[in-house]
1. Show log10 I(q)/I(0) for segment 37-171 at q = 0.20 Å⁻¹, two decimals, from a solvent-free Debye sum over equal Cα scatterers.
2. Taking the Cβ-Cβ separation of ALA123 and ALA220 as r and a Förster radius of 22 Å, what is the calculated FRET efficiency to the nearest 0.05?
3. List the relative contact order of segment 57-156 as a percent without decimals, with contacts defined as Cα pairs under 8 Å and 6+ residues apart.
4. Would you kindly calculate the translational diffusion coefficient of segment 135-181, applying Stokes-Einstein with the Kirkwood radius from alpha carbon pairs, for 10 °C and a viscosity of 1.306 mPa s, and quote it in µm² s⁻¹ without decimals?
5. From Cα coordinates alone, what are the radius of gyration and Dmax values for segment 1-115 in angstrom?
6. Label-point separation (nm) for GLU251 and ARG35, each offset 7 Å from Cα along Cα-to-Cβ?
7. What spacing in nm lies between the two simple spin-label points modelled at SER16 and GLU91, each 7 Å away from Cα in the Cβ direction?
8. So how do LEU73, LEU40, LEU28 line up by other beta-carbon neighbours within 10 Å, fewest first?
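What follows draws every value from the coordinates through simple rules; no lab data is involved. Bear in mind the structure is a predicted one, so any value in this text is a computation, not a measurement. Because the Cβ atoms are built from the backbone with ideal geometry, glycine has one as well, and the counts that use them run over all protein chains shown.
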Amino acid sequence: MIIDCHTHINYYEDESTEALPQCLDRLLTSMRRNRVDVSLVLTSYKVTPARPSTRAAVAATAHLPNVHVVAGLSWATFSKTDVDDLRQLLEEKAIRALKIYPGYEPFYPADERFAPAYELAEAYDVPVMIHSGDTYAPRGKVKYSHPLHVDDVAVDFPRVKFLICHLGNPWFRDCMEVIYENDNVYADISGLVLGNFTDRFEAYMRQQFKEMVSWGINPAKLLYGTDWPISSMESYLQFMDELPLPPGDKEMMLHQNASRLFKLDVAPPVAGLRAMLSRI
């Protein structure tokens, strides 16, 4: 089984292009081609024709048992109205997590403006995903997205589960330290490359994973994700296959950890999806 915990239905090539119809279709096609059972779709910190709102993403995926939505939040515009809307979505179980974007927006994760969001995450026991590391935007400010800043908010909200996206790339060792120090911090391996892995970078990342194991990072803290469509699902699965990890650890990363963290009851949908695909 494979759960990709980090995908998007944004259209990055043209901000004026309607994203939902074609990107969702492309996502489902890529999932079928790569035998990905479940994907989590992360909405953006801004809403444009190319970046659908959380409500739009929820409506578009409501009929898909194998696609779930993570609500992207904007620091610049976050208000009580957003808190009320998130509470309703959480009550309806329409979203599986929250996502914030330090670096893309100029704030640190411990900013008090997001305290009500973290309180909601604690109340409904959903994780908060935090962009970390490099940004896919020339105007991004990476001082805000260093993984060490996650330590502050993890200590301040010990009953909230936080997930560092992208392993804090390129600050892998700092990310490891934050995961090691905080029981409530996890990380996904998404967005390490644009497109496909090169042989040279793949060898470099295999070495990083060896260091994680030596460091004592529990594989139960690491989740598989790609950052599709920025990164290739096919290339990511090949990278996972070649990682120097025991099969049991890979199983945890590929689906068990995400299933537990996001409370995904994946067995019935996956069985139904495979039955459907077998008839195609």
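1. These q points yield log10 I(q)/I(0) values of -1.25.
2. 0.35
3. Details: 133 pairs, mean separation 27.6, N = 100.
Relative contact order for segment 57-156 comes out at 28 percent.
4. 141
5. In Å, with Rg to one decimal and Dmax whole: 14.4, 43.
6. 1.5
7. Inter-label distance under the simple model: 4.1 nm.
8. LEU28, LEU73, LEU40
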